């Protein structure tokens, strides 16, 4: 084996080992790398009222109720729903049927008390006319349409 | 005129959109200019050095002579 | 491969390519700006802010492409000891750092109006920030030693080790719940982006790439000259007038 070959195998082996180590570490700390939990996760975890966490999902159609500064809405992952209460300014993209991430704590009554609400958007980019044409032709697929 | 104003307002997001583009322009033009200037500076430095010091060929001739 | 490792041959090749990539950059980014800012529609959800995508996404692509270039050059430098490979890695780093910086800042400017926050510690944003720090670390390490070959070796090892971050950035949106949305263009099947918006995005993407190639070629040229300057200065130290005189006396 020439020196060049030895160096080549050394680098390849090093990268392989490093890649494997990274994969293991990332799998091990998977839970902390997740930015938010779904309503199903939260139900399964039985989280206490003392832990701050984030919940993400879609704002259920027709669930948004505004009472002055207080907003109530329901976050759904299409299997489980979670009621959320929030007091403050909502982002521009916040709307029914859209993705949302709320940060806060569970209260005793099973409602999520959010102190911050962020909007999450999907990877679809298109002009308004196209979405209207798709909706008219019945080819529009929206997450809540699958319910 | 008002349509131009509507265009520049970017639906109320003018500050976000135009800042993004301006910053991109500044960084890319800055990188290109500093790269070009750096290269030119080294080119002239190298030229000065090569003119000042006799090349390897020249000196080896000297030592031979 | 070794044929291109010859600096003289590289300089000839670079001189031939450079005007074309420079012209292509101007044309592509010009067209990209026209389609991105004028001849494309607003998004059905995000309105006019979607135009930030045409600088944000190409910056992200280039931030990762520059790093890949740097990592490949570093591997070649470590394995085959190509003198040119070190210079390519060293030249690519500032360009990649600039693009990664642009990606982070334009992303922030896009996140504030749409998500409602300048920054979120989700996996995609955090891994991109790590990429930026890897660039800074690489540049610091490459210049930390008096002996440039030692600096090159240390920074090449860092570049290779940090390369694991690149697939993490790419797949972070698929592996974990993130605030950042998944990929649109490289989605399996059809890209979920309208052709009218895909066109400026691709024009800018290719334009940024030719920009990278052009700037990289100039920087490598500059680094080759810098190493020549260093060699001449070293020669001068070893043959100062005094040294030459004493040598003559001895001779």
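Coordinate-derived values only; no laboratory data. It should be emphasised that the depicted structure is a prediction, and the values quoted were computed from it without experimental measurement. Quick reminder, even Gly has a Cβ in these numbers, built from the backbone with ideal geometry, and neighbours come from all protein chains shown.
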Discussion item. Distance between the C-alpha centers of segment A:20-67 and segment C:19-73? Whole Å please.
Written reply: 33 Å
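Please say if segment B:11-53 is rounded, prolate or oblate, where rounded means a/c under 1.5 for a ≥ b ≥ c the square roots of the C-alpha gyration tensor eigenvalues, and otherwise the choice is prolate for a/b larger than b/c and oblate otherwise?
prolate
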Practice prompt. May I have the pair-distance distribution P(r) for segment C:83-233, computed from all Cα-Cα distances with 5 Å bins from 0 and rounded to whole percent?
Written response: 2, 8, 13, 17, 18, 15, 11, 8, 5, 2, 1, 0
Practice prompt. Within a 10 angstrom radius of each residue's Cβ in C:86-98, how many Cβ atoms of other chains show up on average? Whole number is fine.
Written response: 1
Worksheet item: For residue A:137 and residue A:63, FRET efficiency with R0 = 22 Å and r from the beta-carbon atoms, rounded to 0.05?
Response: 0.20
Discussion item. Just to be sure I understand: of the beta bridges DSSP finds with both ends in segment A:35-120, what percent are antiparallel, rounded to 5?
Written reply: 85 percent
Practice prompt. Measure nothing but the geometry: give the 0 to 90° angle between the long axis through the Cα atoms of C:148-162 and the longest principal axis through the Cα atoms of chain C, rounded to 10°.
Written response: 20 degrees
Worksheet item: Where does each of C:202-208, C:231-237, B:17-23, A:126-132 land if you order them by average Cβ count within 10 Å, highest first?
Response: C:202-208, B:17-23, A:126-132, C:231-237
Worksheet, complete the sentence: Per the rule of 0.36 nm per residue minus the C-alpha distance, extending residue C:81 to residue C:171 adds in nm 29.2 nm
Fill in: Modelled FRET efficiency - R0 56 Å, residue A:28 with residue C:235, Cβ distances, 0.05 increments
0.55
Fill in: Cα principal axis extents for the protein assembly as shown, largest first, Å
99, 58, 38
Response to the item:
Under the helix-only model (-39500 (n - 2.57) for each DSSP H run of 4 or more, divided by the residues of the protein assembly as shown), the mean residue ellipticity at 222 nm, to 500 deg cm²/dmol, is -22000 deg cm²/dmol
Response to the item:
Averaging 1/r across every pair of distinct alpha carbons in segment A:1-112 and inverting yields a Kirkwood hydrodynamic radius, in angstrom, of 17.0 Å
Worksheet, complete the sentence: Debye calc, one equal point scatterer per Cα of segment C:42-91, no solvent, log10 I(q)/I(0) at q = 0.18, 0.29 1/Å comes to -0.61, -0.94
Worksheet entry | Cα gyration tensor category, rounded, prolate or oblate, for segment C:9-154 with a/c compared to 1.5 | oblate
Discussion item. Students often get this wrong: which residues of segment C:75-101 have the backbone nitrogen under 18 Å from the point 7 angstrom along Cα-to-C-beta of residue C:11?
Written reply: C:83-88, C:91
